[in-house]
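Single-structure report; data block below.
The values are calculated or read from the model by the stated rules, or taken from the named source; none is laboratory data. Keep in mind that this is a model prediction, so the values were computed, not measured. In this analysis, Cβ positions are derived from the backbone assuming ideal geometry, glycine residues included, and neighbour counts consider all displayed protein chains. Remember, those area values only see protein heavy atoms, side chains included, never the ligands or the DNA or RNA. Shrake-Rupley method; radii C 1.70, N 1.55, O 1.52, S 1.80 Å.
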Amino acid sequence: MAKYDYLVVGAGLFGSIFAYEANKRGKKVLVIDKRDHVAGNIYTKEVEGINVHMYGAHIFHTSNKEVWNYIQQFAEFNRYTNSPIAYYKGQVYNLPFNMNTFSKLWPDVRTPKEAKAKIAAAIEEAGIKQPKNLEEQAISLGGKEIYEIFVKGYTQKQWGRPCSELPAFIIKRLPFRFTYDNNYFNDAYQGIPMGGYTQIIDKMLEDIEVRLNTDFLAHREELENIADKIVYTGMIDEFYNYQFGELEYRSLRFETEVLDEENYQGNAVVNYEEYEIPYTRIIEHKHFEFGTQPKTVITREYPATWHKGDEPYYAMNDDKNNSLYAKYKALSDQDGKVIFGGRLGMYKYFDMDDTIAVALDCVKKELQ
Ligand code: FAD
Ligand code: UDP
């Protein structure tokens with residue numbers, strides 16, 4: 001008999017929820033992670049009294065009440081509302097696209113009717129009926145001027161490809177709004193856990209054995225039979241030795257700095273729209289929790305080409321990669337021992353609320 005009921009590979013949000021729920025039901029669980037800390041990409045660390053989001057800005061937002069109630073068990077959330085600023089050629093604009101953006105861009109536009117007429121004319125002029133890619137999708141939603149200022153440069157540097165070679169779904173997430181409302185999200189619930197995200201995972205893993213600095217693939221022989229079942233939240237193609245080929249990812253590089261000033265940019269998130277500026281955004285972490293510390297911590301986020309061995313931050317969910325993933329998925333469906341979960345195991349861009357929803361779903365199927 002194996003020593004554990006479950007080996008959970010990855011102490012990120014998915015793995016930790018599964019481990020917590022399994023442990024609660026009396027299962028014996030071992031969690032491993034190759035990093036030297038828990039929490040995966042939602043890891044936050046205190047620097048100068050500020051909770052720094054070590055893997056990029058993480059704003060919790062959801063319309064799923066079950067998910068919202070679930071996460072509240074582990075932390076209290078503040079009233080933070082995401083309202084990024086867009087910087088373009090010396091000017092600043094509000095995001096998402098709303099009346100504040102339109103009236104700054106077109107000073108003669110003040111009412112929703114005027115803004116709608118202006119955008120409708122731009123859409124009409126572009127004449128795109130059935131958008132085939134991200135460029136056409138963006139232009140068909142807002143016209144060429146909006147596309148060129150707010151989408152073209154940012155998206156091209158983020159994804160390392162021209163917008164005409166990217167799938168349209170990436171941009172569908174950008175809302176258009178004809179009110180003076182700078183809230184980036186349309187969700188019913190939003191906030192930042194006061195005290196950071198790491199405490200959430202620490203609470204989930206409180207009574208569970210965790211081994212850090214432990215790569216499953218480097219200790220495969222020893223670990224493969226240590227438990228009756230494995231919950232795997234690493235890359236599915238790597239797990240299967242790339243037998244059908246490699247999935248593509250997009251990576252990022254974070255440059256973090258402590259500045260000896262109180263308030264650097266006046267907002268948590270500033271997007272840099274120009275292609276020529278090599279980073280996509282600067283995060284000033286203290287503003288997530290309305291901090292008043294004497295110093296500040298900022299992070300520049302540089303998109304990067306992904307090579308084997310780099311951190312795979314974003315799945316490239318285009319048709320080619322999705323159909324390759326489908327092959328791995330079919331293989332894993334025949335595997336009675338390993339369950340794949342999370343954004344790398346399921347090769348999908350999941351926000352935190354999606355990750356929680358799929359983890360709870362997995363718990364229901366596996367443990368109830
Ligand atoms: P991960 O957090 O990646 O955890 C997987 C863990 O598995 C990692 O710790 C990894 O080290 C470990 N692992 C992998 N392979 C192995 C192995 N072979 N052996 C041992 N351990 C292994 N979501 C939001 O809701 N709002 C946001 O604002 C937001 N912003 C984001 C910004 C960025 C830059 C990124 C990249 C993501 C963002 N997300 C956001 C998404 C959020 O990070 C994910 O939903 C969530 O972290 C996914 O959890 P996970 O457990 O699936 O994956
Ligand atoms: N995007 C853009 N301009 C912006 C912000 C976003 O063109 O100022 C595009 C870009 O292609 C990005 C996508 O919208 O990949 C989704 O952006 P969001 O900020 O929602 O996602 P995140 O990168 O935080 O996951």
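Do any residues in region 216-243 that are over 21 Å from residue 349 (Cα atoms) and more than 8 Å from ligand 1 (Cβ to nearest atom) have Cβ atoms under 8 Å from those of residues that are modelled with pLDDT under 95 and open to solvent by less than 50 Å² (accessible area, probe 1.4 Å), where the two are at least six apart or on different chains, and which pairs are they?
Filtered contacts from region 216-243: 225/2; 226/2; 227/2; 228/2.
From (1) open to solvent by 30 Å² or more (accessible area, probe 1.4 Å); (2) more than 16 Å from ligand 1 (Cβ to nearest atom); (3) not β-branched (Val, Ile, Thr), pick out the condition that doesn't hold for residue 102.
(1)
Could you please give the count of residues in region 144-162 that are at pLDDT 95 or above and either more than 16 Å from ligand 1 (Cβ to nearest atom) or farther than 22 Å from residue 318 by Cα (or both)?
Residues in region 144-162 being at pLDDT 95 or above and either more than 16 Å from ligand 1 (Cβ to nearest atom) or farther than 22 Å from residue 318 by Cα (or both): 12 in total.
Step by step: first the residues of region 111-166, then only those that are small (Gly, Ala, Ser) and not in a helix (DSSP H, G or I), then the one that is least open to solvent (accessible area, probe 1.4 Å). Which residue is that?
143
Working only within region 288-324, note down all residues that are more than 16 Å from ligand 2 (Cβ to nearest atom) and closer than 12 Å to residue 57 by Cα.
Hit for region 288-324 is 298, nothing else.
Just to be sure before I move on: is residue 172 buried (at least 18 other Cβ atoms within 10 Å of the Cβ), within 13 Å of ligand 2 (Cβ to nearest atom) and of a type outside the set (Asp, Glu) in the structure I sent?
no
Out of all the residues in region 316-343, which are within 14 Å of ligand 1 (Cβ to nearest atom) and either charged (D, E, K, R) or in contact with a helix residue (DSSP H, G or I) (Cβ under 7 Å, 6 or more places away or on another chain) (or both)?
Those that are within 14 Å of ligand 1 (Cβ to nearest atom) and either charged (D, E, K, R) or in contact with a helix residue (DSSP H, G or I) (Cβ under 7 Å, 6 or more places away or on another chain) (or both): 338, 339, 340, 341, 342, 343.
Of all residues in region 302-355, count the ones that are more than 30 Å from residue 277 (Cα to Cα) and either among the small types (Gly, Ala, Ser) or within 13 Å of the chain's Cα centre (by Cα) (or both).
Matching residues across region 302-355 total 11.
Count, please, the residues in region 175-224 that happen to be open to solvent by less than 50 Å² (accessible area, probe 1.4 Å), farther than 29 Å from residue 26 by Cα and within 16 Å of ligand 2 (Cβ to nearest atom).
8
Considering only residues that are open to solvent by 40 Å² or more (accessible area, probe 1.4 Å) and under 22 Å from residue 251 (Cα atoms), look in region 327-350 and name the one that is farthest from ligand 2 (Cβ to nearest atom).
Taking the candidates together, the pick is 346.
Determine whether residue 19 is within 15 Å of ligand 1 (Cβ to nearest atom), in a loop (DSSP other than H, G, I, E, B) and buried (at least 21 other Cβ atoms within 10 Å of the Cβ).
Considered against the rule, which asks whether it is within 15 Å of ligand 1 (Cβ to nearest atom), in a loop (DSSP other than H, G, I, E, B) and buried (at least 21 other Cβ atoms within 10 Å of the Cβ), residue 19 comes out as no.
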